[in-house]
1. Which order do the peptides 479-491, 261-273 come out in when sorted by mean C-beta neighbours inside 10 angstrom, highest first?
2. Once both labels are modelled 7 Å past Cα along the beta-carbon direction, what's the Thr79-Glu301 spacing in nm?
3. Hey, quick one: spin label on Arg118, modelled 7 Å out along Cα-Cβ, who in segment 227-248 has an amide N within reach, i.e. under 16 Å?
4. Could you give the nm distance between label points at Ala514 and Arg253, where each point is 7 Å from its Cα heading toward the beta carbon?
5. Which percent of Cα-Cα pairs in the chain sits in each 20 Å bin, short to long?
6. Where does each of 161-169, 466-474 land if you order them by average Cβ count within 10 Å, highest first?
7. If you roll a 1.4 angstrom probe over the protein chains with everything in place, what fraction of the accessible area of the chain belongs to carbon and sulfur, to the nearest %?
8. Determine the calculated [θ] at 222 nm for the chain from helices alone, applying -39500 (n - 2.57) to every DSSP H run no shorter than 4 residues and normalising by the residue count; nearest 500 deg cm²/dmol.
Amino acid sequence: MYHRDMTQTLDQRSAAGGADATAAAAPEGGAGTPHTRIAIVGSGFAGLGLAIRLRQGGVEDFVVLERDSEVGGTWRDNTYPGCACDVPSHLYSFSFAPNPDWTRTFSPQPEIQAYLRRCAREFGVTPHIRFDTALRDARWDEQNGRWLLQTSRGALTAQFLVAAQGALSEPSTPDIPGIESFAGEVFHTARWQAGAALRGRRVAVIGTGASAIQVVPRIQPEVSKLVLFQRTPPWVMPHRDRPIRDWERAVYRHVPAAQRAMRAGVYWGRELFVLGFSGGAMPLGERIARRHLRSQVADRELRRKLTPRYRMGCKRVLISNDYYPALTQPNVDVVTEGIREIRPDGLVTEDGALHQVDAIIFATGFKVTDMPIAGIVHGRDGRSLDDAWQGSPQAHQGTSVAGFPNLFLMTGPNTGLGHTSMVFMMESQIAYLLDALRQVDARGAGVVEVRDDAQRSYNEEVQQRLARTVWNVGGCRSWYLDRNGRNSTLWPGATWRYRLRTRRFDAESYTMRAPVREPAATR
Ligand code: NAP
């Protein structure tokens, strides 16, 4: 039941084609190929946010390429039981589209997905979205100063390309020997199989990150046996999720300033965490988490297995009140031995033990620093982002890459966060990008490219600031670090600093020029 390409199901769906082709059978970049000013890849929070802001600024000449038939990005894809946001609802939403109707202080996935769908509809961006259209290849055309894009539904050209596919879009599944031979169901949390028969079955869950700790308590009561394969125990803090009362929602609905004040309070409260992350340790947090573990797990041996041996914050700090209690149930085994191989009837660990199961769920995260889009975007000299980065993604302001004119990365290198809402970072980047477009227009230039030296000095500074943080020195191996061991994922501090840096497009860090030849075809 294992498919080697099981993580590619969305792509496969879009490859199947359909009615509203972008440019079915158009010749590659030639006359007749549709042209757009801005092509945005992805309609998750970042892509939608940008599309909405473009429209609000009077820009209509853009398309959003979406490989699925629905908006929402990672919030559309992650439908596993228990999926919810671990950043408070009032902050985890667009500043320009507050939602007084959140039902909980930490929103469940279906509410966030409904929110994004509503935003797409109400802000009028849905007509701009080309659904079931996956980007296959992007090549910079220096002569004409534009991007040549090949999609699953044909070609198009664009003056600007915005990669807003997100960091949590490509599930990562370890290549465990023998996996093809497994006889039961196998799937990833980000490709949840709603019809999978788990009730009364023996189920393996691999991984103990943010996804696993949400799904485990939900499936534990219904399965006959749950074998949890843990490589590294997470730090788990008490969760303060609660329903938002009717009267609170009424207040937010009638007094929007009250919700804005709440949002500001949550924002500044979370910014305080930065002190701990940047200081290299959070002793108070560690004490609270250890007490949480002690109060929920009586068994000493299990507690020993679940106790982290690295500093809190080195990996994402998790919050849950029902994860530890689920692990204490008689139908749960926490296995800390490494997985050696998979056989038709189960998993064999390094100690030779066979753990017989009927289904395997990979809660093993995403391809973050090795995102597939980097292999298909080719810049000025034909090199891909992968070639340019050599395993260590970097960009100026997390947004622009030298050698890749008119390309903007949303939630690009070193814009990730360990403590607060990514939507804040996205809105900062959107403002930066919109100002870039304004300045390119004001100067009558069609092409903008970051200077190599500006990108280098920016990244030196970022890496210098990361050097002392718990993410780098906390004694763990996390997906924040790329294959070269460099932290190319996280923003090294307070998010308001990023906002200040990006509130204006720093044209002095860029070169601007006219294309060699003006584009011939326009939409
Ligand atoms: P993750 O944090 O990357 O966790 C993956 C887990 O799989 C880790 O425990 C990892 O172990 C384990 N793993 C990977 N390869 C393995 C192997 N070969 N053998 C055994 N274990 C293996 O992934 P995630 O839980 O999906 O979360 C990813 C990110 O998504 C989060 O950090 C967060 O940003 C976001 N997220 C947020 C929420 C939320 O808001 N509540 C929910 C889900 C996800 P090691 O730790 O040893 O590497």
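The values are calculated or read from the model by the stated rules, or taken from the named source; none is laboratory data. This one's a predicted model, so the numbers in the text were calculated from it and none came from an experiment. A quick note on method: Cβ atoms are made from the backbone with ideal geometry, for glycine too, and the neighbour counts reach across all protein chains shown. To get the accessible areas, we keep the full protein, side chains included, count just its heavy atoms, and leave off ligands, DNA and RNA. Shrake-Rupley method; radii C 1.70, N 1.55, O 1.52, S 1.80 Å.
1. Ranking, from highest mean packing down: 479-491, 261-273.
2. Between Thr79 and Glu301, the simple spin-label model gives 4.0 nm.
3. Under 16 Å, as judged by backbone N against the label point of Arg118, lie 244-248 of segment 227-248.
4. 5.7 nm
5. P(r) for the chain, in whole percents per bin: 21, 55, 23, 1.
6. Listed from highest to lowest mean packing, they are 161-169, 466-474.
7. Result for the chain: 51 percent of the exposed heavy-atom area is carbon or sulfur.
8. That calculation yields -9000 deg cm²/dmol at 222 nm.
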